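The values are calculated or read from the model by the stated rules, or taken from the named source; none is laboratory data. Bear in mind that the values here come from a model prediction, so they are computed numbers and not experimental data. With ideal geometry, Cβ positions are generated from the backbone for all residues, glycine too; neighbour counts draw on all protein chains shown. Keep in mind that these areas ignore ligands, DNA and RNA; they rest on the heavy atoms of the full protein, side chains included. Shrake-Rupley method; radii C 1.70, N 1.55, O 1.52, S 1.80 Å.
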Amino acid sequence: MARKTVDDKMEDINLMPIMNLLCLLIPFLLLSAQFIQIGIILVDTPRKGRAKKNKDNKESKALGLVVDITQEGYYISTKKGSACPERKNNGQPCLSVTHSAGKKLYPSAALRKFIYTKYYKPFYKQNKNPEAQMFTDWRKVTVRPQDQIPYETVIETLDATRELPPEAKGEIDGLSGSLACVFKKPQGKKDWELSGACMFPLASLGR
Amino acid sequence: MSQDMSPEEAKIAKMLAEKKAERRGKEAEESAFNITSLMDALTIILIFLLKSYGSDPMQVPQKKNELMVPKSDSMSSMSECVDIQISRTSIVVKGKKVVTITNNTISSQDAPDGFTIKNLKERLDELRNKEIEAKQDKSAGKFQGEAFIAADQKIPWKLVDQVLKTCVKARYVRFSFAIVKTRGG
């Protein structure tokens, strides 16, 4: 008699309708899903008021890193002048474009390495402490593309100035894990916060 | 033992034995088709899909030869703000088309001074005023002036620059560019 009761209870749980529902919902969600992950790059525009204020107060302390994207390649300069004066005098950019299969290729990996070697690695220790920084505009870069430069080249350039190259892992103190520079907006806060390993993540775009 | 039973008793015992055997067979058949593990797997997939849907505050429709967002190493994720889509044929603000683009340029009628896009500025002013009013009602702090720009990878920088300058004139001063993540996170 007791056995009969157990059997009856087992028969009550009919999973088939739930299974049917799940089997319909999953294909529907899979079909309408986007399998790419959309992220963001934070940028700013140069503002006259802010630039003037910096000039008046602490011009001598600013690095003033600027990357110009032209049809010929990348021109890199700081407040002190061109990063490659000899090439500039010959009318050549610091890093020239190459051509492959009729397509222009911008040397973004070389740009990343150049900025890292020349401007990040020698100065990062002096700029580690935010209260006693050597440069007032540390971590800031201005990117100035020419009008006809494709948008994807601008994004490539921003990636190159923001992220550290792979060799930084053995050369920069305190680097562990992945070399990723991430902007995060904590819930309830209005400002973005930087985390991870960043080179020059605060980019101003345009003239 | 069956020899001690009367024919009636033997008949009942045979019937009971048959019934028992039948039930055992049925149970064996049922246990061969166990859907509990399948249910578990399907439930996990469903939860994963629903969760991945909920994590993106905004969707960027990718259309070939129209709006393909560039790839990037960036691992930052977006937050909700005014979204502007610049495709090869139009500029769309919060789902409403405001300007037509022909041959990667904006006509001089739409941008009389060469920089400020008239219709875009009007639409942004309208959205800004709405946002300010909504924030005042909810006392949710100041207007942030953040804009999210999803532009096609092949369009020239001049177009993006015109949009940025118009945004600055409409007091949208912080920008996030949409990209397709090339690494997880």
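Miscellaneous remarks
- With 0.36 nm allotted per residue and the present C-alpha distance subtracted, the residue B:171-residue B:19 stretch has 46.4 nm of extension available.
- Per-residue mean of foreign Cβ neighbours for B:154-163 is 5 (Cβ atoms of other chains, 10 Å radius).
- Sites residue B:129 and residue A:13, calculated FRET efficiency, Cβ-Cβ separation with R0 56 Å, nearest 0.05: 0.50
- With the Kirkwood sum run over all distinct C-alpha pairs, the stretch B:71-181 has a hydrodynamic radius of 14.6 Å.
- Note on residue A:43: accessible area approximately 10 square angstrom, rounded to 10, probe 1.4 Å, nucleic acids and ligands left out.
- Exceeding the 18 Å Cα-Cα cut-off - candidates A:169/B:71; A:184/B:181; A:79/A:140; A:118/A:140; B:71/B:181: A:169/B:71
- Percent of beta bridges antiparallel (DSSP, the stretch B:71-181, rounded to nearest 5): 40 percent
- Counting only other chain Cβ atoms within 10 Å of each residue's Cβ, the peptide B:104-114 averages 0.
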